[in-house]
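A quick write-up on the structure given underneath.
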Amino acid sequence: MEKQAGGVAGTRAGAAVRAGAGRGLAVRRLPMLAGALLSLVAALWGALVLLGLDVPLPRAGFAAGHGPLMALGFLGTLISLERAVALASPWAYAAPALAGAGALATAAGLDRPGRLLLTAAGGWLVAVYIAVLTGRRTGPDLLVQTAGAVAWYAGGLLWIGGRTVIEIVPWLAAFLVLTIAGERLELARIAFAGRRATAGPVLAAALVLAGAAASVPWPDAGWRLTGLGMAALAGLLAVRDVARRTVRMPGLPRYAAACLLAGYVWLAVAGSIWLAAGRPDGGGPYDAALHAVFLGFVMSMVFGHAPVILPAVLRVRLPFHPVLYAPLALLHASLLLRLAGDLSGVPGLRTAGGVLGEVSLLLFGGCAVAAARLQRRETP
């Protein structure tokens, strides 16, 4: 009996040590998450000026960093942090650290150092994927994600070389679209089992990357090819994704599926606009497609994956609660309003939709905190 009790005590002690180690690792990840959140705040702040609102800015040209801060500073840091946690090697955390530092430098007006740091983060993320491919396993899902990291790095090199943010938009879109598509393939291996099932999404992902590469010498053709790949990828993922089945289940599975399926619709919308219009001139179609992919697709995916990824990265529970539907509904309603303003040329609709879109992102954070508190109250 004493021996058995000692074994139970040892097991509990080991579990406590592992839990403490996990909490310690989570605390060390907090500065990187803080860098991502500061990037988000700076990006949203600058976006208010781009929407035509008269808001105070810390410096002239602050709003110009909105796109890189959102795509690379905020989302790039989160994605590379999640990959570093999955690899479980200390050196991999250099990618989110570089991304966070680059975003802060960009927000502070240190343009050249910001570009260098953000590009270095993309290159480091490529190394992380290579380590996974050579040391653990291979598969089409990881190849697609690696291609996304390559797109980040290539776009960053072009940015350092003097290309404008508009000129590297296909590369930024390829980074996020391919990363998310690869993760969906990774999480849905049963539904995508077999070469025939994965061949279509992989080919569509290759079109997205090829379009980004072609956009350098042939901008119009490159944007159209990227749009074709995005539209094809949206259709293939929507048809094959397990979300079509889990949307009928209650609770978190239905919520996550709603986020995913809505995201695929916005990806198809953005791809169709680029396919039809080619390289936009910076007017309504450009703004509409840009926010359809970066907000409608990407942020909807973030909303849907957050209850699963956040606990793994920070050891913080994010239980599902129906209150999470509120920011999701506001996000998509605001995008409909914004696209109506972009395509009709009505500035008021565009501004209202943009502001409500920012509110939806902030509301998601508030609802996540509320969901955690409600769960604690409801649990005996």
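What you get for the range 26-137, charging only the Cβ of Lys and Arg (+1) and of Asp and Glu (-1), is a dipole of about 400 debye around the Cα centre.
Given labels modelled 7 Å from the Cα in the Cβ direction, how far is it in nm from V55 to L187? Reported label-point gap for V55 and L187 is 2.9 nm.
Ranking G102, A276, V216 by how far each Cα lies toward the positive end of the dipole of the chain (charges on Cβ) leaves G102 at the top.
May I have the pair-distance distribution P(r) for the range 26-137, computed from all Cα-Cα distances with 10 Å bins from 0 and rounded to whole percent? Once binned at 10 Å, the Cα pair distances of the range 26-137 give 16, 44, 26, 11, 3, 0. Residues considered: A103, A131, A174. Largest GNM mean-square fluctuation over the chain, using C-alpha springs under 10 Å, is found at A131. Length gained on full extension, V165 to A34: 44.7 nm, using 0.36 nm per residue less the C-alpha separation. Under 10 Å, Cα contacts only: if you run a Gaussian network model on the chain, which one of L330, L118, L260 comes out with the highest mean-square fluctuation? Fluctuation is largest for L330.
Using R₀ = 25 Å, calculate the FRET efficiency as 1/(1 + (r/R₀)^6) where r is the Cβ-Cβ separation of V247 and A370; round to 0.05. Please list the in-between numbers first.
Numbers: r = 24 Å, r/R0 = 0.95.
After rounding, the FRET efficiency stands at 0.55.
Beyond 14 Å, what share of the Cα-Cα pairs of the range 210-272 is found? Please give it as a whole percent. Display every interim value, and only then the final one.
Working: 1161 of 1953 pairs.
Tail of the P(r) past 14 Å holds 59 percent of the pairs.
Using a Gaussian network model of the chain whose springs link C-alpha atoms within less than 10 Å, name the residue from R29, R248, R240 with the highest mean-square fluctuation. So, out of R29, R248, R240, the one fluctuating most is R248. Seen from V144, the other residues with C-beta closer than 10 Å to its C-beta sum to a net charge of -2, counting Lys and Arg as +1 and Asp and Glu as -1. Along the axis of the charge dipole computed for the chain (Cβ charges of +1 for Lys and Arg, -1 for Asp and Glu, origin at the Cα centre), the listed residues M70, A292, A84 are led at the positive end by A84.
The dipole here belongs to the chain: it is taken about the Cα centre, uses +1 on the Cβ of Lys and Arg and -1 on the Cβ of Asp and Glu, and is about 1340 debye.
Values in this text are rule-based calculations from the coordinates and carry no lab data. This is a predicted model, so every value here is computed, not measured. Heads up, the Cβs are rebuilt from the backbone with ideal geometry, glycines too, and the neighbour counts pull from every protein chain shown.
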